[in-house]
Amino acid sequence: MNESDCIFCKIVRKEIPAREVAREADAVAFSDLNPKAPTHVLVIPARHAANLGDFASQASPHELGNLLALAAKVGREASPSGYRVVINEGLDAGQSVFHLHLHVLAGRALAWPPG
Ligand code: DGP
């Protein structure tokens, strides 16, 4: 999967629509198409990386930190009483879109552990 085919790169470039929650220089947050909680936002880096491991090895600590900070901002704004951040990497974890994304889930009591 390269950047021209990647669906999340297309959202970053505004080539396909998404319900954007936040946009920063190096990250975008938008509502998940298939929400698993009342609030389900995806936070992605603007630059393409297939998964967390790739991004962690390519991005600066600043970029990594910004991504996490944006997820925290989205989560706290959605629910001061709590939220969850999930990253799936690889098929065993159920990753289906191969552009790193942080799921921010909130708005209901979330079971632990996840399945
Ligand atoms: P994962 O299974 O961790 O790779 O999650 C991928 C998520 O991406 C899944 O919850 C559905 C969401 N998704 C897939 N395609 C689109 C899309 O075109 N727009 C939006 N907003 N979300 C999408």
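Summary of values
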read-out: Failed item, numbered, when Ile11 is tested on (1) in contact with a Phe, Trp or Tyr (Cβ under 8 Å, 6 or more places away or on another chain); (2) assigned to a loop (DSSP other than H, G, I, E, B); value: (2)
read-out: Checklist (1) part of a loop (DSSP other than H, G, I, E, B); (2) within 21 Å of Ala111 (Cα to Cα); (3) among the small types (Gly, Ala, Ser) applied to Ala18, failing item; value: (2)
read-out: Segment 16-53: number of residues that are of a type outside the set (A, V, I, L, M) and either more than 11 Å from the ligand (Cβ to nearest atom) or in contact (Cβ under 8 Å) with a residue 40 or more places away in the chain (or both); value: 13
read-out: Pick from segment 45-69, criterion charged (D, E, K, R) and part of a helix (DSSP H, G or I), ranking: surrounded by the most Cβ atoms within 10 Å (Cβ to Cβ); value: Glu63
read-out: Restricting segment 101-115 to residues that are in a loop (DSSP other than H, G, I, E, B) and touching a strand residue (DSSP E or B) at 6+ places or on another chain (Cβ under 6 Å), the residue that is nearest to the ligand (Cβ to nearest atom); value: His101
read-out: Sole residue being in a loop (DSSP other than H, G, I, E, B) and surrounded by fewer than 20 Cβ atoms within 10 Å (Cβ to Cβ), chosen from Val97, Val85; value: Val97
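We did not get these values from a lab; they are worked out from the coordinates using the rules stated. Small disclaimer: the values here were computed from a predicted structure and weren't measured. Reconstructed Cβ throughout: ideal geometry from the backbone, glycine too, with neighbour counts over all protein chains shown.
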